[in-house]
Amino acid sequence: MAEQGKLVLGFIGNGKSTNRYHLPFILTRQDIIKVKTIYQRTLRDNGWARLPDVTYTDDLDKLLSDPEIDAVVITTPSAAHYEMAGKVLSAGKNCVVEKPFATSVEEAAQLFKLAREKGVMVQCYQNRRFDSDFLTAQKVMASGILGEVYEINMHYDYYRAYVPEQEKSYRRENAFIYTHACHTVDQVLSWLGKPQDCHYDVRQLLGKGRMNDYFDLDLLYPGLKVSVKSSYFRAKARPSFELYGRRGVFIKQEQDRQEADLKKFYLPEGHDDFGMDMPENYGTLIYYDEAGVYHEEKVPSERGDYGRYYDALYATIMQGAPRLVTEEQTMEQMRILETAGQELMNQN
């Protein structure tokens, strides 16, 4: 019997995504969430320690037919998201799909249609809404201290030249625009809503027919331009957030630290300082007050916590709360990603 009052989950996929970006946060919420079953296409030792009291199986039907499982989380490679989500929904299970949600607008629309027909929920795993740098930028903008904000720059940079260099062909499901803009575009949509217009600059720096490795998207709102930029070829990363207002500027150089801690296996369970910024990581706020006096100060970072996605999922499924990530937000994101991807297809 499932433990009363807990949200019971199953997982399809047992790789890095499941073990690095999901389970560490669920394990800090065992009072409200239980992982019962993890499906792996081929049962084998993949380097990730198995959890006690969790059933590992290569029988997908065992997971999908279990009446105790409330929702299934899909963490397979993106090319399999649509197929697996369809199976989960057809089985009458609520479904969470890792980013990118799908590889086309049509696929996304079909999944939402199937969910409505089955009377269940399907939702994208947008954990980056709980990045520390993003939460801090939202707080600064909401304070009004910058005055009217007219420009926001968001950067999500790497120096990983080996990634595009080893890809000799262009595949939509592996395109940088799909696998990375899915984070930042969702942040913008959840923050500011649907843009009036978008401009796209999407490139293959290594030449035609190669992997997409660069994008620069401008999302336009009344009186405000939001630029979302990313590249594999940035030896020094640009600031994660820049907010420019009529009275000042806020610049946050470093990204949220949760991912960096996870990569070092410094996990949220048992570490109160997990993912936390030190004072040297704080963003800088520069502004002129109403008297025209110049101010420059550090802004303590908000606490990031990817597990808040699962708090919201629990509230939705178990308590009937509104969904954190709406169908409209996901469909708008898919339209933006697909249009940007078409820009690349036109270049090849």
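Structure notes:
- In terms of accessible area, using a 1.4 Å probe and ignoring ligands and nucleic acids, R128, R160 rank largest first as R160, R128.
- Using alpha carbons only, the radius of gyration of the stretch 236-348 set against its Kirkwood radius gives Rg/Rh = 1.08.
- Cα shape, the stretch 188-268, gyration tensor, a/c 1.5 rule: oblate
- The stretch 108-153: equivalent-ellipsoid semi-axes (sqrt of 5 x gyration tensor eigenvalues, Cα, Å): 36, 12, 9
- For the chain, the dipole from Cβ point charges (+1 on Lys and Arg, -1 on Asp and Glu) about the Cα centre works out to 740 debye, to the nearest 20.
- The accessible surface of the chain, taken with every protein chain in place and a 1.4 Å probe, is 48 percent carbon and sulfur.
- Ranking by accessible area, most exposed first, for E254, E148 with a 1.4 Å probe: E148, E254
- Here, the stretch 65-211 is characterised by an Rg to Rh ratio of 1.02, where Rg is the alpha-carbon radius of gyration and Rh the Kirkwood radius.
- Sparsely packed trypsin sites (Lys or Arg not before Pro) within the stretch 12-68, loop by DSSP, other Cβ within 10 Å at most 15: R41, R44, R50
- Cleavage-rule hits, chymotrypsin sites (Phe, Trp or Tyr not before Pro), the stretch 1-84, DSSP coil, Cβ neighbours within 10 Å at most 16: W48
- Plainly put, the stretch 264-304 has a radius of gyration that is 1.23 times its Kirkwood radius, both from alpha-carbon atoms, as the Rg/Rh ratio.
- Under 26 Å from the Cα of K34 - lysines, other chains or at least 8 residues apart: K6, K16, K62, K87, K93, K99, K118, K263, K264
- In this Cβ point-charge picture (+1 for Lys and Arg, -1 for Asp and Glu), the stretch 267-348 has a dipole of about 360 debye about its Cα centre.
- Value of [θ]222 nm, deg cm²/dmol, for the chain, DSSP H segments ≥ 4, -39500 (n - 2.57) each, nearest 500: -8500 deg cm²/dmol
- Size descriptor for the stretch 1-121, Kirkwood hydrodynamic radius: 14.7 Å (Cα pairs only, one decimal).
- 0 to 90° range, to nearest 10: angle between helix 181-192 axis and the chain longest Cα axis: 70 degrees
- Angle between the chain longest axis and helix 327-347 axis [Cα atoms, degrees, rounded to 10]: 70 degrees
- Local net charge near H295, Cβ-Cβ under 13 Å (Lys/Arg +1, Asp/Glu -1): -2
- Heavy-atom accessible area per residue - the chain, 1.4 Å, Å²: 45 Å²
- For the chain, the longest principal axis of the alpha carbon atoms and the long axis of helix 81-90 meet at an angle near 50°.
The values are calculated or read from the model by the stated rules, or taken from the named source; none is laboratory data. Predicted, not measured: the structure shown is a model, and the values here were computed from it. As a convention, Cβ positions derive from the backbone with ideal geometry for all residues, glycine included, and neighbour counts pool all protein chains shown. Accessible surface is based on the protein model in full, side chains and every heavy atom, while ligands, DNA and RNA are left aside. Shrake-Rupley method; radii C 1.70, N 1.55, O 1.52, S 1.80 Å.
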